[in-house]
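Report on the structure given below.
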Amino acid sequence: MNTVDMTKGSPIKLLIRFSIPILIGNLFQQAYTLADRIIVGRFVGDTAFSAIGATNAMSMAFMSMCMGAAIGTGVVVSQYFGAKDEKGTAAAIANGSYTCALIAVIMTAIALVTTKPILHLLNTPESLMPDATTYLYIFMGGLIAVAAYFTPFSILRALGDSKTPLVFLVLCSLLNIGLDFLFVVAFRAGVAGAAFATVLSEALAAILCMIYAFRKVPQFKQAFHHRKVNKNLIAKTCRVGIPNGLQYALIYVSSIVLQGIVNGFGESVIGAFTATTQIELLVQQIFAALGAAIVTYTGQNIGAGKQDRISGGVRAAMEISAVVSVILLAVFWAFGKPIMSIFVTNQEIISIAATGIRITSLFFMGLGGVQILRYMLNGAGDSMYALMNGIVEVTARVLFSVSLTMIPFIGMWGIWLTTGLTWTVTAIFALIRYRHGAWKSKKLV
């Protein structure tokens, strides 16, 4: 068992030790997403590549509630674990799992009914509609697999174990890439094959992770004995999970608005935006790994009544984020075109994407700040912040995207400026919330 007590010891050493396996796992997770895109782009065509790109924001909007429920479960578990309450930890694992499963079923039903109408509302080009619809129907139908995939990972990390999830993330990535080649290249199943590969790999990884957890992790074994439905624990999970899910849903709804504006510029810009979004998601994994470390660090220390340790952890994470931001800025300004040529061969798409990633790389400091502070506030149980943050991000992304793209000398470049400025605005808001200190009174245990 690889659990780590983060209530004692050097904050920077704990965060680095904890975040590195998460970063590696996140990179592998993104690797199979990239594999989907690259294999589809190379073996099916640019239209299929752009069609999957046009579904990004919508699929993430529905996934967000599943992710939020998993985060909520992890926060509750981490606080009970930090408080050394074994029975509470076990019961929180069981009831959090019930909550995650129920939310996944509800989101699946809503997604399957609304998929096609939303794609039309987004002005998705007719040439992309068949592939985009097919991909979404299959992926949305597998949301229960997504929930099963995120939940045990969130719980294990809440217990201070970032190594075991890495093993299953790597397994999932390798499975996905292998299934991509099987379905897309060998069986010529197109975008449907890519969607099936993702859902099946996540389902298999989730099943194997849960088998391992129930056999090897004491808290999961105890959860079976404390499996009785506990309304109080479900309420605590929802108190954190639903605002977090809504936060991410709002963020992705605003991304859907941005995607609609992107779609209005035609297939080349859609392809370029898809490529830069994939790279930005890859970059975000560095900051998200720090954030995942901070959420566990904060939750355990809140549960243990050691709030004074939290500011040191936040400061250490911010320093790491600043160094990474400067390095990435240099990389994308020097090698923008070669990096974008990984995805497609169309020179127009590559040229637009290279300029786009150079624009957004100027704002990586803001991206790092918002990821770290968002996760820290989540770990403290500050659910009101999560919802307010979602509203701020929606407002910023919609206002920037609509106004900037209407300015003649900015035009389509307003798409990438919107992304960077939105990161900056939400980071400033998170910093204000953190310094205000309201999170100190949000303890769940």
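The values are calculated or read from the model by the stated rules, or taken from the named source; none is laboratory data. Note that the structure is predicted; figures quoted are calculated from it, not measured. Note: ideal-geometry Cβ built from the backbone for every residue, glycine included; neighbour counts use all protein chains shown. Please note that ligands, DNA and RNA were not included when accessible areas were found on the heavy atoms of the full protein model with its side chains. Shrake-Rupley method; radii C 1.70, N 1.55, O 1.52, S 1.80 Å.
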- Item | Coil-residue chymotrypsin sites (Phe, Trp or Tyr not before Pro) of the stretch 353-430, DSSP, other Cβ within 10 Å capped at 11 | F409
- Loop-resident sites, the stretch 1-57, for trypsin sites (Lys or Arg not before Pro), counting at most 16 other Cβ within 10 Å (DSSP): K8
- Contact order relative to length for the stretch 286-445, counting C-alpha pairs under 8 Å separated by 6 or more residues, stands in percent at 30
- Message: Please list, short to long, the whole-number percent of alpha-carbon pairs of the stretch 37-162 in consecutive 5 angstrom bins beginning at zero.
- Response: 2, 11, 19, 16, 13, 12, 10, 8, 5, 3, 1, 0
- Once every DSSP H run of n ≥ 4 in the chain is given -39500 (n - 2.57) and the sum is divided by its residues, what mean residue ellipticity at 222 nm do you get, rounded to the nearest 500 deg cm²/dmol? -28500 deg cm²/dmol
- Can you tell me the dipole magnitude for the stretch 1-106 around its Cα centre, using point charges on the Cβ only (Lys, Arg +1; Asp, Glu -1), in Debye to the nearest 20? 260
- Query: For the stretch 25-67 and the stretch 100-175, what is the separation of their C-alpha centers, rounded to whole Å?
  - Reply: 11
- Express the relative contact order of the chain as a whole percentage, based on alpha carbon pairs under 8 Å and six or more residues apart in sequence. 25
- Considering the values (i) 34; (ii) 41; (iii) 30, which represents percent of Cα pairs over 33 Å apart as calculated for the structure under consideration? (iii)
- Note on the structure: Ordered by number, the trypsin sites (Lys or Arg not before Pro) in the stretch 398-445 that occupy a DSSP loop and have at most 12 other Cβ atoms within 10 Å are none
- Task: Just the ratio, please: alpha-carbon radius of gyration of the stretch 116-191 over 2.2 N^0.38 Å, N its number of residues.
- Result: 1.46
- Starting from the exponent 0.38 and prefactor 2.2 Å, build the expected Rg for the stretch 1-91 from its residue count and divide its actual Cα Rg by it. 1.55
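Membrane-span-like helices in the chain: DSSP H runs reaching 27 Å or more (Cα, own axis), mean Kyte hydropathy at least 0.5? It would help to have the intermediate numbers written out before the result.
Details: long enough: 11-43 (46 Å, 0.86); 56-82 (36 Å, 1.07); 86-121 (50 Å, 1.08); 190-216 (39 Å, 1.40); 231-263 (45 Å, 0.70); 267-303 (50 Å, 0.84); 310-340 (41 Å, 1.52); 383-404 (31 Å, 1.21); 414-436 (32 Å, 0.69).
Flagged H segments are 11-43, 56-82, 86-121, 190-216, 231-263, 267-303, 310-340, 383-404, 414-436.
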- Message: If the elastic network links every pair of Cα atoms under 10 Å, which of G420, G160, G266 fluctuates the most in the Gaussian network model of the chain?
- Response: G266
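Stretched out fully, how many nm does the piece from Y212 to L102 gain, at 0.36 nm a residue minus the Cα gap?
Once the chain is fully extended between Y212 and L102, it gains 37.3 nm.
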- Item | Cross-link pairs K236/K442; K163/K228; K231/K442; K163/K443; K8/K163; K84/K443 - those with Cα-Cα distance over 22 Å | K163/K228; K163/K443
- Query: Leaving out ligands, DNA and RNA but keeping every protein chain, what accessible area does M63 have, in Å² rounded to the nearest 10, with a 1.4 Å probe?
  - Reply: 20
